[in-house]
1. Got at least one residue in the range 243-265 being closer than 30 Å to Arg33 by Cβ and modelled with pLDDT under 95?
2. Among all residue pairs at least 6 apart or on different chains, which show Cβ distances below 7 Å where the first residue, located in the range 180-207, is farther than 12 Å from Gln28 by Cα and the second is assigned to a loop (DSSP other than H, G, I, E, B)?
3. Give just the number: which of (1) loosely packed, with under 15 Cβ neighbours inside 10 Å; (2) more than 27 Å from Pro17 (Cβ to Cβ); (3) free of Cβ contacts under 8 Å to residues at least 24 places away in the same chain does Arg75 not satisfy?
4. Check the range 79-87 and report whether any residue there is surrounded by 15 or more Cβ atoms within 10 Å (Cβ to Cβ), of a type in the set (D, E, K, R), in the same structural domain as Gln147 (by TED's automatic domain parsing) and touching a strand residue (DSSP E or B) at 6+ places or on another chain (Cβ under 8 Å).
5. Go through the range 88-102 and give me each residue that's surrounded by 20 or more Cβ atoms within 10 Å (Cβ to Cβ) and in a helix (DSSP H, G or I).
6. Would you check if there is a residue in the range 34-48 being surrounded by 20 or more Cβ atoms within 10 Å (Cβ to Cβ) and without any contact (Cβ under 8 Å) to a residue 60 or more places away in the chain?
7. Restricting to the range 103-123, count the residues that are part of a loop (DSSP other than H, G, I, E, B) and touching a residue at least 12 places away in the same chain (Cβ under 8 Å).
8. Can you tell me which residues in the range 49-72 are surrounded by fewer than 24 Cβ atoms within 10 Å (Cβ to Cβ), farther than 18 Å from Asn186 by Cα and more than 19 Å from the chain's Cα centre (by Cα)?
Amino acid sequence: MSSLSPRTLLDRLGLRPQKSLGQHFLAQPQQARRLVAALELAPEDVVVEVGPGLGALTHPLAEEAARLVALELDRRLAEFLAREFQSHPRVLILCQDVLTYDFTALAREVGRSLKVVGNLPYQITSPLLFKLAAEKAAIERAVLMMQQEVAHRLMAAPGGRDYGILSVLLQYHFALESLFSLGPGNFYPPPRVTSTVVRLRPRPHEPAAADPELLRRLVRLAFGQRRKTLANSLAAGAPELGLSAARVPGLLTALGIDPRRRPETVSVAEYVALANHLAARKAATAPGEA
């Protein structure tokens with residue numbers, strides 16, 4: 001990491017943080033080292049860094065990873081980093097939106113799963129988490145810094161207001177660990193919120209969802225009207241699940257789920273069981289008989 005503060009370095013480059021991109025640059029080298037340490041890098045590891053910014057994480061990552069791909073959406077910063085790391089053959093700086101990046105293709109190219117790290121802008125946190133879930137076969141581990149409120153939603157247990165779509169789907173796909181939090185003073189410019197670092201490891205599924213896409217649709221329908229009961233929420237989208245609205249209460253009861261429960265009280269395992277029942281029913285039922 002440069003010995004210059006982010007503010008000084010930005011001044012020298014003639015740049016200002018872009019609010020539209022959610023730019024808050026990590027200003028403490030020791031905190032950058034904590035994030036890199038949480039990746040538990042081996043000499044052969046290939047790392048994708050999300051939003052390298054001024055290179056706070058990029059420098060220590062370049063020293064430890066076999067290969068580093070850093071994705072920076074801000075063209076000005078991508079050009080700066082390309083100059084900064086032009087003598088590092090193992091570092092590739094791409095001016096690209098991480099939400100369009102093909103993690104699976106890179107994992108296939110290098111012949112191994114990837115490690116992912118980054119300080120995430122608020123506006124891309126949920127979309128990126130869902131993208132990592134969709135491409136988790138390519139991911140060995142991710143260490144991501146996000147707003148504390150998003151981390152709370154990610155880690156939430158059933159029964160609370162933070163428990164929702166993000167909680168269910170990410171907890172299904174990953175084992176999650178909240179590692180540590182960083183206050184606004186660790187960044188320039190300082191954000192108005194606390195940040196939390198979360199580690200994600202793909203988990204084996206017990207039981208597995210027979211149709212992960214059906215599970216995703218089910219959970220989104222359930223929480224689409226979370227003030228309603230689970231039965232009413234699912235009845236509203238019953239055709240999308242391949243059944244009639246009238247059958248929803250009986251189906252829930254057969255699985256031991258009270259139709260009067262709210263979506264936020266239903267566990268990940270219960271959503272998986274419901275999705276698998278629907279998948280089995282769909283496979284066994286001829287079209288038009290739902």
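1. The answer is no, given that none of the residues of the range 243-265 is closer than 30 Å to Arg33 by Cβ and modelled with pLDDT under 95.
2. Ser181/Thr194; Pro189/Pro17; Pro189/His24; Pro191/His24; Thr194/Gly183
3. Here Arg75 clears every test but (2).
4. Looking for residues that are surrounded by 15 or more Cβ atoms within 10 Å (Cβ to Cβ), of a type in the set (D, E, K, R), in the same structural domain as Gln147 (by TED's automatic domain parsing) and touching a strand residue (DSSP E or B) at 6+ places or on another chain (Cβ under 8 Å), one finds none in the range 79-87, hence no.
5. Within the range 88-102, just Val98 meets the criteria.
6. No, the range 34-48 contains no residue that is surrounded by 20 or more Cβ atoms within 10 Å (Cβ to Cβ) and without any contact (Cβ under 8 Å) to a residue 60 or more places away in the chain.
7. 4
8. Ala62, Glu63, Glu64, Ala66, Arg67
The values are calculated or read from the model by the stated rules, or taken from the named source; none is laboratory data. Predicted model only: the values in this text are computed from it and were never measured. Ideal geometry is used to build each Cβ from the backbone, glycine not excepted, and the neighbour counts take in all protein chains shown.
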